[in-house]
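Trainee: One structure, as structure tokens, below. Some questions next.
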Amino acid sequence: MSELIGNASFAEVAYLILSGKRATKGQARVLEALLVSVMDHSIAPSSTVARLLASYGVPIQAAIAGGALTFGDIQGGAGQELARNLSAIVQRVAAEGDVTDEALQNAAKELVADSRARRIPLDGFGHPQHDPDFRTPILLELAKKEGVFSHHSALLSHLEDALAEAIGRRVGANIDGASAALLLDLGLKPDVARALIVTPRTVGLAAHYLEEIEQGNTWRHVPVAQVTYTGALPEES
């Protein structure tokens, strides 16, 4: 580590630790951009929880941890499952022959058809706050420029096209989708996906915590007047 301090960026060291290899300049730039793209997301589940905990007087590390714990299958964690699927598909295509663009297109159509037949949402597409996710095209274009864009990113693009053809409207790949494809094209393992989201977001959560403290907010909660009970009522005896 003493040789890296002052001589390598955060992204370069992260790549080295996770892969055991030195990143090329292009790989380092793409990984750096990916880390930056998820450092903050304004008011989202993770920052909301961090702010709530800050208002209760808990230490900063506890608030950051609480915010990070919101990343799961629905929010912030979908990239992991998609990365596994993308990896498996590319491996299957490679086992059957050359990994051509046509083969990836056909594989994408098959995955979309299977997802729709089973009525299972396709991980990594759409976003509740903005659609399309503006981060995805920026990252994919950078990956092309730096020579990182490869089979998995191409498959992601074909999935977006196949999904649009199937449902009649375009639902863009979100940051989970972009991170899943790019980490694989970077040569990293699928299970790294959530770590690449959580790690930089801790900085953003720290900023939310500090702002909440500076504003002097305490005991944030939903006022009782705004709470409507919707559960079952006790049975009358």
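Trainee: Rounded to the nearest 0.05, what FRET efficiency do Leu233 and Arg169 have when you use their Cβ-Cβ distance and R0 = 41 Å?
Mentor: Efficiency for this residue pair is about 0.45.
Trainee: Follow-up question, since we're still on this one. Ser19: accessible area at probe 1.4 Å, nearest 10 Å²?
Mentor: 40
Trainee: Which GluC sites (Glu not before Pro) does the stretch 1-89 hold that lie in a coil by DSSP with at most 14 other beta carbons within 10 Å?
Mentor: Glu3
Trainee: Just need the relative contact order of the stretch 48-127 here, percent rounded to a whole number, with Cα pairs under 8 Å and 6+ apart.
Mentor: 23
Trainee: Taking a ≥ b ≥ c as the square roots of the Cα gyration tensor eigenvalues, with a/c under 1.5 meaning rounded and otherwise prolate when a/b beats b/c, else oblate, which class fits the stretch 4-68?
Mentor: It is prolate, given that a/c is not under 1.5 and a/b is the larger ratio.
Trainee: Let me ask something else. How much accessible area per residue does the stretch 25-67 have, counting only protein heavy atoms and a probe of 1.4 Å, in square angstrom?
Mentor: Using a 1.4 Å probe on heavy atoms only, each residue of the stretch 25-67 averages 42 Å².
Trainee: Going down the table (Lys145/Lys189; Lys25/Lys144; Lys109/Lys144), which pairs top 19 Å between alpha carbons?
Mentor: Lys145/Lys189; Lys109/Lys144, as the Cα separations exceed 19 Å there.
Trainee: Also: For Asp123, Asp101, Asp133, write out the residues from largest to smallest accessible area, computed with a 1.4 angstrom probe and no ligands counted.
Mentor: Final ranking, largest accessible area leading: Asp101, Asp123, Asp133.
Trainee: What FRET efficiency, computed as 1/(1 + (r/R0)^6) with R0 = 41 Å and r the Cβ-Cβ distance, is obtained for Trp219 and Ile138, rounded to the nearest 0.05?
Mentor: Using R0 = 41 Å, I get an efficiency of 0.55.
Trainee: Report the net charge of residues surrounding Phe71, where surrounding means a beta-carbon distance below 12 angstrom and charges are Lys +1, Arg +1, Asp -1, Glu -1.
Mentor: 0
Trainee: While we're looking at this one, here's another question. Using a Debye calculation, one point per C-alpha and no hydration shell, please list log10 I(q)/I(0) for the chain at q = 0.11 Å⁻¹ in order.
Mentor: So the normalised log intensities work out to -0.66.
Trainee: Still on this model: For the chain, what is the calculated [θ] at 222 nm in deg cm²/dmol (nearest 500), taking -39500 (n - 2.57) for each run of four or more DSSP H residues and dividing by its residue count?
Mentor: Here the helix-only value at 222 nm equals -19000 deg cm²/dmol.
Trainee: Scan the stretch 111-172 for trypsin sites (Lys or Arg not before Pro) in coil per DSSP, keeping those whose Cβ has at most 12 other Cβ atoms within 10 Å, and list them by number.
Mentor: Passing sites in the stretch 111-172 are Arg118, Arg119, Arg169.
Trainee: Just the number, please: carbon plus sulfur as a percent of the accessible area of the chain, 1.4 Å probe, no ligands or DNA/RNA counted.
Mentor: Roughly 56 percent, rounded to a whole number.
The values are calculated or read from the model by the stated rules, or taken from the named source; none is laboratory data. Keep in mind the model is a prediction, meaning the values are calculated, not measured. With ideal geometry, Cβ positions are generated from the backbone for all residues, glycine too; neighbour counts draw on all protein chains shown. These accessible areas exclude ligands, DNA and RNA; they are computed on the full protein's heavy atoms, side chains included. Shrake-Rupley method; radii C 1.70, N 1.55, O 1.52, S 1.80 Å.
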